[in-house]
Amino acid sequence: MRGDEFNSDFLSVFSSNSRNPYERIGDIRAQVAANYTGERRVLDIIEKHGLDAFTESRDYYVSYAEEMARNRISRIPHGTYGWVDYLEGPDGRDIRLQVALRVSEDGVHVDYTGTERQVDVPLNAVLGVTLSGGSTTCSGP
């Protein structure tokens with residue numbers, strides 16, 4: 001983005017290196033629109049209720065979410081839990097996914113040691129997906 005305009009040179013290079021250029025451009029435009037909408041709505045809340053009320057409410061809900069997560073984790077017996085699974089790569093080769101979840105008094109440690117390194121096909125997980133996977137692992141049925 002340059003200001004409020006898409007950088008057409010970047011979009012061209014980015015999309016031309018994708019298997020589905022039209023879909024990638026649509027995804028980027030949707031993400032930008034969602035960010036602008038979110039920003040506008042947060043600013044509307046601040047304008048309506050004030051920055052102090054917004055900050056107090058945000059802090060409350062972050063604290064509440066942490067309390068709920070700690071409560072859920074406290075119900076998991078301490079120990080180490082491990083899983084291994086495989087993705088099938090486009091060449092038919094298995095791609096190993098391995099995780100060890102260590103639950104202790106201090107919380108949860110998620111360790112992906114043993115998982116295949118990055119691959120040259122679109123099967124890698126970005127940080128947000130990786131964090132979500134760790135969180136989902138703790139949520140249980």
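Just a few scattered comments:
- Long-range amide H partners of Thr115 with built H, under 5 Å: Gln98
- Estimated vicinal HN-Hα couplings, Hz - region 119-134 in sequence order (Karplus 6.51, -1.76, 1.60; Gly, Pro = x): 10, 8, 10, x, 10, 6, 9, 6, 3, x, 5, 4, 5, 4, x, x
- Fluctuation leader among Asn71, Asn124, Asn20 - the chain, Gaussian network, Cα springs under 10 angstrom: Asn20
- Among (i) 2, 9, 18, 21, 18, 12, 8, 5, 3, 3, 2, 0, 0; (ii) 2, 7, 11, 12, 12, 13, 14, 14, 10, 4, 1, 0; (iii) 2, 10, 15, 17, 16, 13, 10, 8, 5, 2, 1, 0, the entry derived from the coordinates for P(r) over Cα pairs in 5 Å bins from 0, in percent: (ii)
- Each residue of region 60-71 was assigned a 3J(HN,Hα) from its phi angle through the Karplus expression (A = 6.51, B = -1.76, C = 1.60, θ = phi - 60°), giving 4, 6, 5, 4, 4, 5, 5, 4, 5, 5, 5, 4 Hz with x at Gly and Pro.
- The chain - mean residue ellipticity at 222 nm from DSSP helices (-39,500 (n - 2.57) per run, n ≥ 4, rounded to 500): -18000 deg cm²/dmol
- When the square roots of the Cα gyration tensor eigenvalues are ordered a ≥ b ≥ c, the ratio a/c for region 77-139 is 1.5 or more and a/b exceeds b/c, which makes its shape prolate.
- Couplings 3J(HN,Hα) of region 31-46, computed from phi: 5, 5, 4, 5, 5, 5, 5, x, 4, 4, 5, 5, 5, 4, 5, 4 Hz, in residue order, whole Hz [Karplus 6.51 cos²θ - 1.76 cosθ + 1.60, θ = phi - 60°; x for Gly and Pro].
- If you take the alpha carbon atoms of region 8-73 and fit the smallest convex hull around them, that volume is 138 Å³ per residue.
- The loop-placed trypsin sites (Lys or Arg not before Pro) in region 61-139, going by DSSP, that have at most 13 neighbouring Cβ atoms within 10 Å of their Cβ come out as Arg75, Arg93, Arg117.
Every number in this text was worked out from the coordinates using simple rules, so none of it is lab data. Computed from a prediction, not measured in an experiment: that's the story for all the values here. Note: ideal-geometry Cβ built from the backbone for every residue, glycine included; neighbour counts use all protein chains shown.
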